[in-house]
Amino acid sequence: MSLAAAVFTPLLVTHVAAGAVALVSGLIAMASRKGAGGLHAKAGNAFCLSMSAMAVSAAILTAWEPDRLSLGAAIWTFYLVHSSRQAAQMRGATSRRPPWQLMAIGLAATLLIAHGAMMANRAPDGAFEGSGTAGYLAFGSAAAVSLLLDLSLLLRAPLSARHRLARHLWRMLAACFLAVTSLFLGQQDDVFPFMAGSPVLLAPSLLTLGALIFWLLRVHLARNWLGQRPAGRTGHNSPQPQKAST
């Protein structure tokens, strides 16, 4: 048995196991009460570690079967997970500091996907390493937007708790969406051969995407979310500071 064959099976098992742990821990993190040191934080740490292992193993597995889109998506997933965690840990002046090391990883993913889009566009069949131009453009555009949002941190005041939470949520749920889509749609022939092509396999991706939209709307639009008043508004019944008695 060659070294490559000996490495492939353990790596594939690690990838599948890490993905399973990520899906379970992600659901627990979303369903549990938020707060430092609680179940949410513990599940979030497990999600971050397992997603990292899944993303790294997915990137390495493309050495056996070249797939530029999967490679770029794996690297971008790693970036999303860790920038989401970094957003949750932002405080004060640090909320204006872009994660430069993570941005370099996100930039690498974006460039890889963009190059794949160019190659697919030039190919006679409109595909490069198994993926069409549309797929490359969709993922590449999303990766580019995430980088631009990082750069925008330099041009704004320190992020409020509301915006930090929104940043944390959309990146975590986007990474979860990538993992779910990869499992139920990208690998349906291998994992769910008895259901390959069934519209039922769309449900997990649609539910994850729906959760992402729901939480972003709730964070941005819900009244007095996190105990804050909407920016620029003060109520007539707001308590007034009392003068100290003499």
Phi-based couplings in Hz for segment 74-80 (Karplus 6.51, -1.76, 1.60; Gly and Pro marked x)
5, 5, 5, 4, 4, 4, 4
So who's got an amide H within less than 5 Å of the one on LEU159, skipping anything under 5 residues away but keeping other chains? H placed 1.01 Å off N, in plane.
SER95, ARG96
If each residue of separation counts as 0.36 nm, what is the full-extension length gain between LEU107 and LEU206 once their alpha-carbon separation is subtracted?
32.9 nm
Ratio of Rg to Rh over segment 67-224 (Cα coordinates, Kirkwood Rh, two decimals):
1.02
Residue by residue, what Karplus-based ³J(HN,Hα) values in Hz, rounded to whole numbers, does segment 99-116 have, using 6.51, -1.76 and 1.60 with θ = phi - 60° and x for Gly and Pro?
x, 4, 4, 5, 5, 5, 5, x, 5, 4, 4, 4, 5, 4, 5, 4, 5, x
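Here, each number is a calculation from the coordinates, and none is a lab measurement. Computed from a prediction, not measured in an experiment: that's the story for all the values here.
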